[in-house]
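Data first, discussion second: the structure below is written as structure tokens.
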Amino acid sequence: MAKKLSHYDAAGRARMVDVSGKAPTKREAEASAFVRMKPSVLQALPRNPKGDPLEVARIAGIMAAKRTADLIPMCHSLPLSHVDVEMRLCENGVAITSKVTTTAQTGVEMEALVAASISALTLYDMAKSADKGMEIQEIVLERKSGGKSGEYRRVK
């Protein structure tokens with residue numbers, strides 16, 4: 001028997017899931033993304049005329065996590081307790097990690113994914129004058145905790 005899809009009603013119309021019967025619990029999620037770029041573009045990041053691309057992308061990711069419900073139709077608006085976005089320079093690009101925490105009735109996986117995604121897009125925007133061939137790769141949920149489904153950790 002197929003699993004019932006919670007985002008559709010009996011008539012097949014999209015709907016927001018009713019979480020009012022669920023107790024608020026601590027929930028966390030972590031996501032990541034990677035922006036592949038040429039070594040020359042990486043080396044030029046500190047001299048970007050638009051400002052510090054890594055800091056602007058980090059702030060964009062934090063802001064985006066707080067706006068997830070405005071961007072994804074069936075997401076609940078959640079009170080976020082903490083959002084953190086980190087950037088790590090690698091030899092072939094920038095690794096982005098986002099961590100989001102809430103005490104709510106539903107999880108923050110989408111908020112973490114949106115934070116990583118928007119950080120990557122912002123980094124692309126900030127450096128596109130140097131290389132339009134950059135690639136945004138591997139936007140994934142790394143882990144989540146809390147809620148009925150419990151723990152999840154991505155197997156690499």
For Ala33, are the conditions met, namely being within 25 Å of Ser145 (Cα to Cα), buried (at least 17 other Cβ atoms within 10 Å of the Cβ) and in contact (Cβ under 8 Å) with a residue 40 or more places away in the chain? yes
Residue check, Glu28 in a strand (DSSP E or B), of a type outside the set (Ser, Thr, Tyr), closer than 25 Å to Ser149 by Cα and at pLDDT 95 or above: yes
Against the condition acidic (Asp, Glu), within 30 Å of His7 (Cα to Cα) and surrounded by fewer than 17 Cβ atoms within 10 Å (Cβ to Cβ), how does Asp52 come out, does it pass? no
Among residues belonging to segment 105-139 that are out of contact with any Gly (no Cβ under 9 Å at 6 or more places or on another chain) and assigned to a strand (DSSP E or B), point out the one that is farthest from Gly21 (Cα to Cα). Ile136
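Here is a yes/no grid of residues against (1) assigned to a loop (DSSP other than H, G, I, E, B); (2) of a type in the set (Val, Ile, Thr); (3) touching a residue at least 12 places away in the same chain (Cβ under 8 Å); (4) closer than 23 Å to Ile118 by Cα:
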| position | (1), (2), (3), (4) |
| --- | --- |
| Ser6 | yes, no, no, no |
| Ser20 | yes, no, yes, no |
| Leu45 | no, no, yes, yes |
| Lys50 | yes, no, yes, yes |
| Gly61 | no, no, yes, yes |
| Asp70 | no, no, no, yes |
| His76 | yes, no, yes, yes |
| Met87 | no, no, yes, yes |
Can you find even one residue in segment 78-89 that is touching an Asp or Glu at 6+ places or on another chain (Cβ under 9 Å) and modelled with pLDDT under 95? yes
How many residues, within segment 96-139, are touching a strand residue (DSSP E or B) at 6+ places or on another chain (Cβ under 9 Å) and of a type in the set (Lys, Arg)? 1
Reported set for segment 49-89 where residues are within 14 Å of Val100 (Cβ to Cβ), out of contact with any strand residue (DSSP E or B) (no Cβ under 7 Å at 6 or more places or on another chain) and small (Gly, Ala, Ser) is Ala64, Ala69, Ser77
Does Ile139 satisfy the criteria of being more than 23 Å from Thr25 (Cα to Cα) and surrounded by fewer than 22 Cβ atoms within 10 Å (Cβ to Cβ)? yes
Can we say Lys4 is surrounded by fewer than 17 Cβ atoms within 10 Å (Cβ to Cβ), touching a helix residue (DSSP H, G or I) at 6+ places or on another chain (Cβ under 6 Å) and either of a type in the set (D, E, K, R) or at pLDDT below 85 (or both)? no
Can you name the residue in segment 111-132 that is modelled with pLDDT under 95 and either closer than 10 Å to Val35 by Cβ or not acidic (Asp, Glu) (or both) and, of all such residues, is surrounded by the fewest Cβ atoms within 10 Å (Cβ to Cβ)? Lys132
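The values are calculated or read from the model by the stated rules, or taken from the named source; none is laboratory data. Small disclaimer: the values here were computed from a predicted structure and weren't measured. Reconstructed Cβ throughout: ideal geometry from the backbone, glycine too, with neighbour counts over all protein chains shown.
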